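Student: Mind looking over this structure? Questions follow.
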Amino acid sequence: MKYDNLQGEIKVKWTKIIAFFETNFEKKPDLNAILFIIGIRELGEIPEKNFSKEEKTHLMHIANCRVLSYSGYYELHGFNEKGWPVWEKNKPIPNLTLFEQENLLRQHIIEYFEQEEIINFYE
């Protein structure tokens, strides 16, 4: 029963995150779009030109590392010569199905939005 309540709470919070993006970006985001925005936020700057394909991939990696750091999978090691965050893997991520991976990321993204005080889920 407690697990069902947790899943319900996650669903409600995830819905609020989607609504936040729809309001602020006028598009319904998928998981990758949310991670991309987190990556940009973690970088802390938006360049004058568009990001290259390689930079976009790196931004997604930064976001994944940042949100998975809540479970201790990654730790911020410092910054590279361009000022981009560099993360080190602390422990292996367990073998999960695609569904389980997405749920893990959603839970950590919710935690990110709470910790960074981007959304107040209790209003």
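The values are calculated or read from the model by the stated rules, or taken from the named source; none is laboratory data. Small disclaimer: the values here were computed from a predicted structure and weren't measured. Quick reminder, even Gly has a Cβ in these numbers, built from the backbone with ideal geometry, and neighbours come from all protein chains shown.
Student: Considering only residues of the stretch 71-105 that are surrounded by fewer than 16 Cβ atoms within 10 Å (Cβ to Cβ) and of a type in the set (S, T, Y), which is modelled with the highest pLDDT?
Tutor: Pass one, the stretch 71-105, residues surrounded by fewer than 16 Cβ atoms within 10 Å (Cβ to Cβ): 71-72, 75-83, 86, 88-103.
Next, from what is left, pick out any that are of a type in the set (S, T, Y): 71, 97.
Values: S71: 95, T97: 92.
If we take residues in the stretch 71-105 being surrounded by fewer than 16 Cβ atoms within 10 Å (Cβ to Cβ) and of a type in the set (S, T, Y), then S71 is modelled with the highest pLDDT.
Student: Is it the case, given these coordinates, that T23 is assigned to a helix (DSSP H, G or I), within 18 Å of Y112 (Cα to Cα) and hydroxyl-bearing (S, T, Y)? Give the derivation first.
Tutor: Values: assigned to a helix (DSSP H, G or I): yes; within 18 Å of Y112 (Cα to Cα): no; hydroxyl-bearing (S, T, Y): yes.
No.
Student: A further question follows. Can you find a residue that is without any contact (Cβ under 8 Å) to a residue 24 or more places away in the chain and hydrophobic (A, V, I, L, M, F, W, C) anywhere in the stretch 80-88?
Tutor: Checking the stretch 80-88: at least one residue is without any contact (Cβ under 8 Å) to a residue 24 or more places away in the chain and hydrophobic (A, V, I, L, M, F, W, C).
Student: Which one of these does R41 not meet: (1) farther than 27 Å from F121 by Cα; (2) among the basic types (K, R); (3) part of a helix (DSSP H, G or I)?
Tutor: (1)
Student: Looking only at the stretch 9-31, which residues are touching a residue at least 12 places away in the same chain (Cβ under 8 Å) and among the charged types (D, E, K, R)?
Tutor: Those that are touching a residue at least 12 places away in the same chain (Cβ under 8 Å) and among the charged types (D, E, K, R): K13, K16.
Student: I'm trying to understand the selection: among the residues of the stretch 65-123, which are among the β-branched types (V, I, T), in a helix (DSSP H, G or I) and farther than 18 Å from V12 by Cα?
Tutor: Looking only at the stretch 65-123, we keep the residues that are among the β-branched types (V, I, T), and these are 67, 86, 93, 97, 109-110, 118-119.
Going one step further and asking which of them are in a helix (DSSP H, G or I), we end up with 67, 109-110.
Passing the criteria: only V67.
Student: Within the stretch 46-54, can one find any residue that is in a helix (DSSP H, G or I), surrounded by fewer than 16 Cβ atoms within 10 Å (Cβ to Cβ) and modelled with pLDDT of 90 or more? Lay out the reasoning, then the answer.
Tutor: Within the stretch 46-54, the subset in a helix (DSSP H, G or I) is 53-54.
Within this subset, residues satisfying the condition of being surrounded by fewer than 16 Cβ atoms within 10 Å (Cβ to Cβ) are 53-54.
Right, trim to modelled with pLDDT of 90 or more and you get 53-54.
Yes, the conditions are met somewhere in the stretch 46-54.
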